[in-house]
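FYI, it's all coordinate maths here, none of it is from the lab. Because the structure is predicted, anything quoted here is derived from the model rather than measured. A quick note on method: Cβ atoms are made from the backbone with ideal geometry, for glycine too, and the neighbour counts reach across all protein chains shown.
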Ligand code: GRF
């Protein structure tokens, strides 16, 4: 399956998908970020679909259509969200029905949202983890495909805990995408 990846951050999850040998044919970023360099290193130039606004005037539907157009033009069949900082409009998911996956740094349904690691620390949980799920218009709520627990250790801060979780995501996400693409998951 031809895979398109959406990223906004450092791109270490994207790098793990590249290293796993997945067939990545497009990368879209919503802002200038290091993921662009990771994509270029893999020979898949990232397309910057820059988000025009972070305010109330942001046209989420138009933006989401622009992102899906870039992916469709490149023949993408399966979308992997890898730390993408823009919530996509339902119109995006209609373009790729049951073909969008996401990795999230918590054991969903706990700690949805962009601050999952911070929220887990604030709640004082001793175990958190990561979840790979089918992404839907309902943020961080689609059917769960894979999960793995990660221990919180004394002295953890957001950076140390997130890095321990990401070490697991870099294995679990490519594995789950490959299984999904082979039709081994519902
Ligand atoms: C991952 O923890 C992912 O689950 C979250 O954003 C992080 C992306 O990490 N949504 P990186 O920027 O690829 O290192």
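Highest mobility in the GNM of the chain, judged by mean-square fluctuation with C-alpha springs under 10 Å and restricted to 89, 156, 98, is found for 156.
Taking all Cα pairs closer than 8 Å and separated by 6 or more residues, the relative contact order of the chain comes to 20 percent. Applying 1/(1 + (r/R0)^6) with R0 = 22 Å to the Cβ-Cβ distance of residue 175 and residue 87 gives a FRET efficiency near 0.25.
Given a cut-off of under 8 Å on Cα pairs at least six residues apart, what relative contact order in percent is computed for segment 1-104? Spell out each step's value before the answer.
Working: 189 pairs, mean separation 34.9, N = 104.
This gives 34 percent for segment 1-104.
The ranking of 92, 58 by Cβ neighbour count inside 10 Å, starting from the fewest, reads 58, 92.
So what is the relative contact order of segment 95-186, in percent, for Cα pairs below 8 Å that sit 6 or more residues apart?
Values: 134 pairs, mean separation 25.7, N = 92.
Across segment 95-186, relative contact order equals 28 percent.
A simple spin-label model places pseudo-atoms 7 Å from Cα toward Cβ; at residue 34 and residue 98 they are separated by 3.7 nm.
Comparing 142, 11, 43 in a Gaussian network model of the chain, where Cα atoms under 10 Å apart are tied by springs, the biggest mean-square fluctuation is seen for 43.
For the chain, what is the percent of antiparallel DSSP beta bridges, rounded to the nearest 5? For the chain, the DSSP antiparallel bridge percentage is about 40. Counting every other Cβ atom within 10 Å of each residue's Cβ, 132, 49, 168, 87 order from fewest to most as 87, 168, 49, 132. Panel order for 28, 70, by other beta carbons found within 10 Å of each beta carbon, from fewest to most: 70, 28.
For the options 25, 103, 72, a Gaussian network treatment of the chain with springs between C-alpha atoms closer than 10 Å singles out 72 as fluctuating the most.
Kindly give Rg over Rh for the chain, based on alpha-carbon atoms, with the Kirkwood expression for the hydrodynamic radius. Spell out each step's value before the answer.
Working: Rg = 15.7 Å, Rh = 16.6 Å.
Reported Rg/Rh (Cα atoms, Kirkwood Rh): 0.95.
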